[in-house]
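Nothing in this text is a laboratory measurement; each read-out follows from the coordinates by a stated rule. Quick caveat, the model's predicted, so the values are computed rather than measured. Cβ: placed from backbone, ideal geometry, glycine included. Neighbour counts: every protein chain shown.
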Amino acid sequence: MKSERVIIGPKDRVFVLTGAGISAESGIPTFRGVGGVWNNYRIEEVANPAAWERDPELVWRFYSYRRRTAAPCEPNAGHRALAELEGLIGERFFLCTQNVDDLHERAGSRRLVHMHGELFRSRCERCEREPWGDRGEYDSMNAIPRCECGGRVRPHICWFGEVPFGMDRIAEELERCAVFGVIGTSGVVYPAAGFVHAVNARGRGKVRTFYVGPEEPENAGEFGQVFVGKAGEVVPVLFRSSE
Ligand code: OAD
């Protein structure tokens, strides 16, 4: 099925998964490909628990650099279009982002889960204190930040080998959506890369699926509709209500 729009019926629940591509036009680098973060940093040195044990200062330098890069960036038309869709269909909309920036919420999205954590939050690795807002950059000192309890403060990020956040809610929303869309992700990092399989496994034609990005993804065949283009150009004109 190829169509120029994604049709949303009056009872349809919509699940959207976003990746680094939706924030690219806001100036936040993606991870893979030309200019990608992983061209300059090695995942195993900065984004897993072993790295944190080995060299926490390096890990904080990396996330401080990420905070510095993301801080001046503004939401783009892609983020805003998703917030507008939520405004139209309310609790029938669910947004799951792999992004750790805050551009979706700054555009107005509320029903969202940051499955890989949040760049502008930190947490204590020792005590039960809830993660807190933190825009600090900890790259010019030798000591890493400490919680009131004395424990080390770490970025509120899901590192490789850790369990993503909000998986129960995500599973529930995957189970009940009628429309499932993926925007700007290379589809190589699991479990997010497997969400399209999960919805397709619910039965042929049960869930209408689409992908948006400048290149066809490896798994283009898994999607009912593929829109080749930039999120900021495609998403604002993507949805049509059948009401
Ligand atoms: P990637 O860098 O792997 O992929 C970015 C995708 O965005 C690519 O498929 C690009 O084609 C697409 N893209 C680029 N510009 C775009 C635009 N203007 N509009 C739409 N799409 C565009 O980033 P992710 O797939 O998000 O995890 O990476 C997944 C995870 O891997 C990240 O959350 C991060 C990373 O390692 C952790 O750090 C845990």
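Tally Lys/Arg at +1 and Asp/Glu at -1 over every other residue whose Cβ is under 12 Å from the Cβ of P214; what's the total?
Residues close to P214 contribute a combined charge of -3.
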Which residues does the label zone of K11 cover in region 148-185, counting backbone N under 19 Å from a point 7 Å along Cα→Cβ?
173-180
What list do you get for R61, R110 if you sort them by fewest beta carbons within 10 Å?
R110, R61
Quick one: net charge around V199, please, counting Lys, Arg +1 and Asp, Glu -1 for every other residue with C-beta under 15 Å from its C-beta.
+1
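If you take every residue apart from P49 with its C-beta less than 10 Å away from the C-beta of P49, what net charge results, scoring Lys and Arg +1 and Asp and Glu -1? Each step should come with its number before you reach the end.
On the way: positive: R54, R154; negative: E53, E125, E162.
Charge balance in the 10 Å sphere: -1.
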Helix 56-70 axis, angle to the chain major axis (alpha carbon atoms, nearest 10°)
50 degrees
For the chain, percent of DSSP beta bridges that are antiparallel (nearest 5) comes out at 20 percent
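To the nearest 0.05, what FRET efficiency results for D139 and S242 with a Förster distance of 41 Å applied to their C-beta separation?
Numbers: r = 51 Å, r/R0 = 1.24.
After rounding to 0.05, the efficiency reads 0.20.
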The chain, Gaussian network, Cα under 10 Å: of G187, G136, G161, the residue fluctuating most is G161
Express in whole angstrom the spacing between the alpha-carbon centres of region 56-89 and region 219-233.
22 Å
For Y41, Y190, Y63, what's the fewest-to-most ordering of other Cβ within 10 Å of each Cβ?
Y190, Y41, Y63
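Give me Rg over Rh for the chain, both radii from the alpha carbons and Rh done the Kirkwood way, two decimal places.
Details: Rg = 18.4 Å, Rh = 18.8 Å.
A ratio of 0.98.
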From DSSP H assignment alone, runs of 4+ in the chain each adding -39500 (n - 2.57), the sum over residues rounded to the nearest 500 puts [θ] at 222 nm at -7500 deg cm²/dmol
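About its Cα centre, what dipole magnitude does the chain give when the only charges are +1 on Lys and Arg Cβ and -1 on Asp and Glu Cβ, stated in debye to the nearest 20?
Numbers: 32 positive and 34 negative charges, 80 e Å.
Charge dipole of the chain: 380 debye, to the nearest 20.
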Show me the ranking of peptides 199-206, 115-122 by mean Cβ neighbours inside 10 Å, starting with the highest.
115-122, 199-206
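Can you tell me which of 148-156, 19-27 comes out highest on packing, and rank the rest after it, using the mean Cβ neighbours within 10 Å?
Numbers: 148-156: 16.6, 19-27: 22.4.
Peptide ranking by packing, descending: 19-27, 148-156.
Which whole-number percentage describes the relative contact order of the chain, with Cα contacts under 8 Å and a sequence gap of 6 or more? Don't skip to the end; give the middle numbers.
Values: 444 pairs, mean separation 68.3, N = 243.
Relative contact order here is 28 percent.
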